[in-house]
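Engineer: Next up is a structure, given as structure tokens.
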Amino acid sequence: MTDHESGWRRQLPVIGLLGATGLSVTGNGIVNLAIPWLVLERTGSAALAGLIAAATLGPMALSSLLGGALIDRWGRRRLSIGADILSGLAVAALPLLDRTLGLTGVTIAVLVALGAVFDGPGMAARESLRPDVARTSRTPLERINAWGEALDGIGNIAAPGIGGVLIALVGASNTLWVTVAMFAGAVLLTTFTIPADVRGTEPPQRYVHAVLEGLRFVWRTPVLRGTGLTAMVLVMFLAPIPIVLTVVLQRAGQPEQLGLVTAMFAVGGVAGAVVYGIVAHRLPRRPVLLWGLTFCSLGIAAFGLFDSVLGMTVLATLVGVAAAPVNPITAVVMQEQTPERLRGRVIGSVGSMALLAGPLGTTAAGLLVENLGVAQTWLVVGAGCLLSAGYAALAPGMRDLSAPLARQMP
């Protein structure tokens, strides 16, 4: 085998993991677009459509927390495959029932919540696989995480466009079959490109004890506690952005521009993550994290100064670029500072904290706009994000984010 062939084979797990991530994220994004459309078609209730869309957050957050113990017990690769299979089956049940017995609001709600239950552990399992893939492929862990976040962003950008075209061509119900195929593609990529899990030698714990051990480890490890709280505060104050933008653009008589401005956050994030992935292993993490959080905060506060769509679009792109290193850095720190046997539980616990913070910020957004006004709301959101930067700068556990010597790449 030539060196070129050997190098290509070594990179196959990277391609497989990133491809599976992209397919799964895009599939979920299309589902999130098609489900409200399907609810409106079958029930005519906009309130029910919104309620079902919001109802996915609770099951996903809870399953991320509880599913971490299953990841550590059953294996990261195995659970990633199983979660995508079960998510695909939950989605496939919707068009099947729609064609045979018919769909009601209750049926849709149950199946959507069931799919969300599988999504949480699936996302945590894929993130838990990144150190394994980095080690197998001899790729810097920072690059795997940055490019994984970039694929998340690409999936979130692509999903609305693909979903909208498919709904227009074949209808919301048939669109869901495309997402089932995407989940199947993710299963195949994970199965045939990522090495099998190495079975642990420790006897299995009682399930509740295993979940609590992960939570205790996060809270008692200063750097993990700091990482989790930084992410939680940041997500809580980022969550109101789409709502505030909606108000701004509706008042300006340009609601059709909401998709453009929102997408530019993701475009900037993807561009920033790709570039950061190339140079990340050469950069000091703590300064990059703190400057990224600070510039992101200032950029969000500056939205109150712009009325034009062009200005908001440019600013959204810059904020996306500034925030791009934040998730890869926190992910790498979690992966490095966690024993392998606890990796799934730690990632699931921190992920559930972030998922629970989002609805808190979203709930407060409308009240802030109504009582303070738009410009002042942007200042509050920016100040809240700056709070996460201040906490990351002052928290004792966040003072040294460098890689442990035992994990340095060859």
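Engineer: May I ask you to say which residue of L189, L176, L129 is within 18 Å of the chain's Cα centre (by Cα) and either of a type in the set (G, A, S) or closer than 21 Å to G82 by Cβ (or both)? Walk me through how you get there before you give the answer.
Structural biologist: On the way: L189 fails: within 18 Å of the chain's Cα centre (by Cα); L176 fails: within 18 Å of the chain's Cα centre (by Cα).
Matching residue, one of L189, L176, L129: L129.
Engineer: Let me ask something else. Just checking: which of the helices (runs of 4 or more DSSP H) contained wholly in region 295-409 hold 1 or more residues that are at pLDDT below 80?
Structural biologist: Working: elements: 309-323, 326-337, 343-372, 374-394.
By residue number, 343-372.
Engineer: The conditions are (1) surrounded by fewer than 20 Cβ atoms within 10 Å (Cβ to Cβ); (2) within 19 Å of the chain's Cα centre (by Cα), and G120 fails exactly one of them. Which is it?
Structural biologist: (1)
Engineer: Quickly run through region 188-207 and pick out the residues that are modelled with pLDDT of 85 or more and in a loop (DSSP other than H, G, I, E, B).
Structural biologist: Residue satisfying the conditions is I194 alone.
Engineer: Now for a different question. Of all residues in region 1-32, count the ones that are at pLDDT 90 or above and of a type in the set (S, T, Y).
Structural biologist: 3
Engineer: So which of I157, I85, I81 ends up being within 30 Å of V288 (Cβ to Cβ), touching a helix residue (DSSP H, G or I) at 6+ places or on another chain (Cβ under 8 Å) and not assigned by TED's automatic domain parsing to the domain that holds R345?
Structural biologist: After applying the criteria, what remains is I157.
Engineer: Let me ask another. Taking region 152-195, which residues are over 15 Å from R126 (Cα atoms) and of a type in the set (S, T, Y)?
Structural biologist: S173, T175, T179
Engineer: Is it fair to say L65 is outside the structural domain of V332 (by TED's automatic domain parsing) and either surrounded by fewer than 22 Cβ atoms within 10 Å (Cβ to Cβ) or touching a Pro at 6+ places or on another chain (Cβ under 8 Å) (or both)?
Structural biologist: It is false that L65 is outside the structural domain of V332 (by TED's automatic domain parsing) and either surrounded by fewer than 22 Cβ atoms within 10 Å (Cβ to Cβ) or touching a Pro at 6+ places or on another chain (Cβ under 8 Å) (or both).
Engineer: Filtering region 247-304 down to residues that are out of contact with any helix residue (DSSP H, G or I) (no Cβ under 6 Å at 6 or more places or on another chain), among the hydrophobic types (A, V, I, L, M, F, W, C) and closer than 30 Å to P396 by Cβ, which residue is surrounded by the most Cβ atoms within 10 Å (Cβ to Cβ)?
Structural biologist: Restricting to residues being out of contact with any helix residue (DSSP H, G or I) (no Cβ under 6 Å at 6 or more places or on another chain), among the hydrophobic types (A, V, I, L, M, F, W, C) and closer than 30 Å to P396 by Cβ, the top hit is V288.
Engineer: Only one of these is part of a helix (DSSP H, G or I) and modelled with pLDDT under 90: G164, G185. Name it.
Structural biologist: Details: G185 fails: modelled with pLDDT under 90.
Exactly one of G164, G185 is part of a helix (DSSP H, G or I) and modelled with pLDDT under 90, namely G164.
Engineer: Any idea which residue in region 282-340 is farthest from T221 (Cα to Cα), counting only those that are small (G, A, S) and touching a Leu at 6+ places or on another chain (Cβ under 7 Å)?
Structural biologist: Selected residue: G304.
Engineer: For region 368-379, give me each residue that is out of contact with any Leu (no Cβ under 6 Å at 6 or more places or on another chain) and within 12 Å of F237 (Cβ to Cβ).
Structural biologist: L368, W378, L379
The values are calculated or read from the model by the stated rules, or taken from the named source; none is laboratory data. On a predicted model such as this, the values are computed, not experimentally measured, just so you know. Cβ atoms come from the backbone with ideal geometry, glycine included; neighbour counts cover every protein chain shown.
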